[in-house]
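Undergrad: Okay, handing you the structure first.
The values are calculated or read from the model by the stated rules, or taken from the named source; none is laboratory data. Note that the structure is a prediction, hence the values are computed from the model and not measured. A quick note on method: Cβ atoms are made from the backbone with ideal geometry, for glycine too, and the neighbour counts reach across all protein chains shown.
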Amino acid sequence: MVRTSEGINLFIFAFLNIVAWIRPLPLQRRLEITALGAAGIGLTLASIYCSRWLPQAAARIIRDLLPSFLMLSVYWQSGRFFLEPNQRIQRFLLNLDERLIGSLLRRQANGESRSWISNLLEFCYLLCYPIVPLGVLVLHQVGMEGYVDEYWTIVLISTYICYSLLPFVQMLPPRALARVPEQNVNPRKLRLLNLTVLKYASIQVNTFPSAHVASTFAASLVLLSLAPAAGIVFLIIALGIAGGAFLGRYHYFADVVLGVMVASCVYLIF
């Protein structure tokens, strides 16, 4: 039986493949997007039917954890749509940041904020990668593995709303708009680690809303209802990820706020 979350993955890969042949893109990009989508569809279908040749326990683990890898595949697939930033939207979001959190950003840039807070937020942002699959392990640990499909349904919809807008709303992250490359100004070690991860594992494009914020908030909201103790820990980390996202200039402030709103709305609906 096909899980709801698996149907969502099949839909998003097919949707982006269709959009690739509608949007004005170079042929090479279209082929890359189509190949990633076909691979994602193939892996999803293989996981659905893997119980036919694998033990039930192994097949269940694969189906429970594969969405965390497929999320990355959708991330890279959506990133291939990027051609050039929309300067108008970038300027608007930068001006909005200046009005709403300008003084806070200047204090951060001048080193006036407490260093331990900055390091803590950087550490939280680094956790945005493992925290979502860790939520699945928590559900298994507390005997709630029957709710893994519901968990992934809410997390994937929240995340894919952000990714699906990338073909239409394109911009660079605020850190990429700095006049001096940050690696040249001796950033803290945790900051440098985050920048290194983004250099080699990121699509170097801003997702609007923030997919990191949306996915981690969605995960924490589900856990709050199923495993409250773990949910509180996850929510604290998600708040740290949100703070690190805009203070670290990984995202615009509006990205973060909308990411929280997307996750909250999807959770309330489902």
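Undergrad: Report whether or not Leu70 is touching a residue at least 40 places away in the same chain (Cβ under 8 Å) and outside any helix (DSSP H, G or I).
TA: no
Undergrad: Any idea which of Ser68, Ser78, Ser51, Ser73 is among the small types (Gly, Ala, Ser), over 24 Å from Tyr200 (Cα atoms) and in contact with a helix residue (DSSP H, G or I) (Cβ under 6 Å, 6 or more places away or on another chain)? Let's see the steps before the verdict.
TA: Numbers: Ser68 fails: over 24 Å from Tyr200 (Cα atoms); Ser78 fails: over 24 Å from Tyr200 (Cα atoms); Ser73 fails: over 24 Å from Tyr200 (Cα atoms).
Exactly one residue qualifies, and that residue is Ser51.
Undergrad: Tell me, please, whether a residue that is of a type outside the set (Gly, Ala, Ser), in contact with a Phe, Trp or Tyr (Cβ under 7 Å, 6 or more places away or on another chain) and either surrounded by fewer than 20 Cβ atoms within 10 Å (Cβ to Cβ) or assigned by TED's automatic domain parsing to the domain that holds Val2 (or both) can be found in region 48-57.
TA: Restricting attention to region 48-57, the residues satisfying the condition of being of a type outside the set (Gly, Ala, Ser) are 48-50, 52-56.
Among the residues that remain, those that are also in contact with a Phe, Trp or Tyr (Cβ under 7 Å, 6 or more places away or on another chain) are: none.
Looking for residues that are of a type outside the set (Gly, Ala, Ser), in contact with a Phe, Trp or Tyr (Cβ under 7 Å, 6 or more places away or on another chain) and either surrounded by fewer than 20 Cβ atoms within 10 Å (Cβ to Cβ) or assigned by TED's automatic domain parsing to the domain that holds Val2 (or both), one finds none in region 48-57, hence no.
Undergrad: Now, a different point. Going through Tyr129, Tyr147 one at a time, which residue ends up being of a type outside the set (Lys, Arg), in contact (Cβ under 8 Å) with a residue 60 or more places away in the chain, under 24 Å from Leu235 (Cα atoms) and not in a helix (DSSP H, G or I)?
TA: Numbers: Tyr147 fails: not in a helix (DSSP H, G or I).
When all the criteria are applied, what remains is Tyr129.
Okay, residues lined up against (1) surrounded by fewer than 19 Cβ atoms within 10 Å (Cβ to Cβ); (2) at pLDDT 95 or above; (3) in contact with a Leu (Cβ under 8 Å, 6 or more places away or on another chain):
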{"position": "Ala218", "(1), (2), (3)": "no, yes, no"}
{"position": "Gly231", "(1), (2), (3)": "no, yes, yes"}
{"position": "Ile236", "(1), (2), (3)": "yes, yes, no"}
{"position": "Leu239", "(1), (2), (3)": "yes, yes, no"}
{"position": "Ala263", "(1), (2), (3)": "no, yes, yes"}
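Undergrad: Now for a different question. Name every residue in region 201-233 that is over 19 Å from Ile269 (Cβ atoms) and under 16 Å from the mean Cα position of the chain (by Cα), in order of residue number.
TA: Those that are over 19 Å from Ile269 (Cβ atoms) and under 16 Å from the mean Cα position of the chain (by Cα): Ala201, Ser202, Ile203, Gln204, Val205, Asn206, Thr207, Phe208, Ser210, His212.
Undergrad: Filter region 18-50 down to residues that are more than 20 Å from the chain's Cα centre (by Cα) and under 18 Å from Pro167 (Cβ atoms), then give me how many there are.
TA: 18
Undergrad: Being free of Cβ contacts under 8 Å to residues at least 24 places away in the same chain and closer than 30 Å to Gly146 by Cβ, is that true of even one residue in region 243-265?
TA: yes
Undergrad: Further question on the same structure: Can you tell me which condition Ser115 does not meet? The list is (1) hydroxyl-bearing (Ser, Thr, Tyr); (2) touching a Lys or Arg at 6+ places or on another chain (Cβ under 9 Å); (3) closer than 17 Å to Ala238 by Cβ, and all the others hold.
TA: With (1) hydroxyl-bearing (Ser, Thr, Tyr); (2) touching a Lys or Arg at 6+ places or on another chain (Cβ under 9 Å); (3) closer than 17 Å to Ala238 by Cβ applied to Ser115, the lone miss is (3).
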